[in-house]
Structures are given as structure tokens and as C-alpha cells.
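Participant: First, the structure itself, so that you have it in front of you.
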Amino acid sequence: MHHCMGPALLHYNAAMGNQQNIRIFQTADHECGYWRDRLARDLVLDPEDARLPSMYGQALMLGFRRSGSHIYRPNCIACSACVPVRVPTLPFQPSRNQRRCLQRNSDLHISVSPAHRNDEVFDLYQRYLNYRHAGAGMDDPEAEDFDNFLICHWSPTVFLEIRDDNKLLAVAVTDVLPDSLSAVYTFFDPEYASRSLGTFAILQQIEQARLHKKDFLYLGFWLDKHKKMDYKRNFKPLEFLHGKNWRSFQDKEQ
């Protein structure tokens, strides 16, 4: 997360229902992580505020997202491409291609563990970034990069580990909230890309949400015509945040 500047007060309706004020910062302009020719800036909730754990669920409803210990949302001057999206888990029905993905991976084993870094997980993370983001600034990560991005001492984070026998193929980093799950990041073995493990991971997160009676799976930001982000429209029904209200993604497509 980039250096913050310009603190302000945000009147914030916290998850417990009390009216509270929390400082919100605006970052300096920085290179956009999605469009390399654009500048971006973010709003960041005060990372030192002890109430962040109780506010996190409400922040997701307002379009924020977690990265490390920061809760942020884009606030760019000339661009509004990042659209918060979520899947209502109860009415979700997999498409034909998604059913094929489930069948193709029916031999895999899913387990849930607390967020952690060990040699096995970190090796998979390194190989994924070196394959998927070569030359984009995320490749060749250090252990500190992993911790700062995916692990947070106050965040209720678990790893959905996907294995073929004992071989770790993918990890879906997932935050657990009272009424929802949030898909933070997924990384997988590049040698098994033909299994569509990214899609499979989201389907498993939806299944976990339904199993534990969570209403939504938050997918972060959808970007129209962005080849790495447009896949999110395939998880239907999908909702997007319009102002302060969540609306059916079908409204956007019409």
C-alpha cells in the first residue's frame, strides 16, 4: 500500500450498528495495478484503528477490500473502471462450463487451514507469480511480500488448500465474515492450468459459504474488458455496487 496523505473523517456505520467516525486516508497517485498506462489512488481506512475487525464486514458492503492489514477502495480521478462485485450464494447455480470444471476436478481434495506461510505454500506462491505476473513487479516475491499481502493479524483469514493426493495444487485465500466470505487471492500450480483451478477455487468458496450459511462471496473488483478480471461476470447471479446499493449485474449488461 502506498504512502497515505490527506486524512479525513468518514461517518461510518459500523457492523455493530453504532454510528462511529473513523479516519480515512487518500493515497498519493501511483501506477495502476490493472492498466499500466493509468494512475490510480485509493481511500484507506485508518490501519491503526482498533475497530477495523468489527468494521470489516460493513466495509465490504461499501465496496472496500483488504490487502494485508489495509482496507481500501479505488478513488481515482479520471477512472471508475473498478466495480465491486459479489455472488449471492444461495441462488447461485453453476453454468455448464463450471459444472465441467467441477467434474474435471472431482478427484481433488479440499481442506481448510488458518492462514500461514510454510515452504510448501510459499513455493507455490512464488511459482505462480513468476508464471502469471512475470515482469510486472510481483514476480520473485520475498517471504515478507507474502505476509504483507495475504496475512493480517486481525483478519479472520483461512486458506482453502486444493490437493491432488498430497501435492498442493492451489490455495484460495479467504476472509471469513459473519454473513459472507471474501475471496482475497488465489494462486495455483502453473503446470495444472488446464484444470481451471482459479474457477474451481471460486466454486469451492461459494460451496463453503453455503455450507456455513454465508449470504455472499465478495470477489473484489470487476473490470470490463480486462482479460484477467472479466471472468467474474461468469458467476451468476452476480451483483455490483452502484452508489450505496447493490444491484443485479444483469442491469449493467443490458
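Participant: Using just the helices of the chain, give the 222 nm mean residue ellipticity in deg cm²/dmol: DSSP H runs with n ≥ 4 each add -39,500 (n - 2.57), and the total is spread over all residues, rounded to 500.
Facilitator: -7000 deg cm²/dmol, from helical runs alone.
Participant: Now for a separate question. Calculate, in nm to one decimal, what Gln26 and Ile110 gain on full extension: separation in residues at 0.36 nm each, minus their alpha carbon distance.
Facilitator: 26.3 nm
Participant: Given (1) -0.73, -0.87, -1.57; (2) -0.75, -0.87, -1.32; (3) -0.72, -0.82, -1.18 as candidate values of log10 I(q)/I(0) by the Debye sum over Cα atoms at q = 0.12, 0.13, 0.17 Å⁻¹, which corresponds to the one derived from the coordinates?
Facilitator: Working out log10 I(q)/I(0) by the Debye sum over Cα atoms at q = 0.12, 0.13, 0.17 Å⁻¹ from the coordinates points to (1).
Every number here is computed from the coordinates shown, using simple stated rules; none is lab data. Everything numeric here is computed off the predicted structure, so don't read it as measured data.
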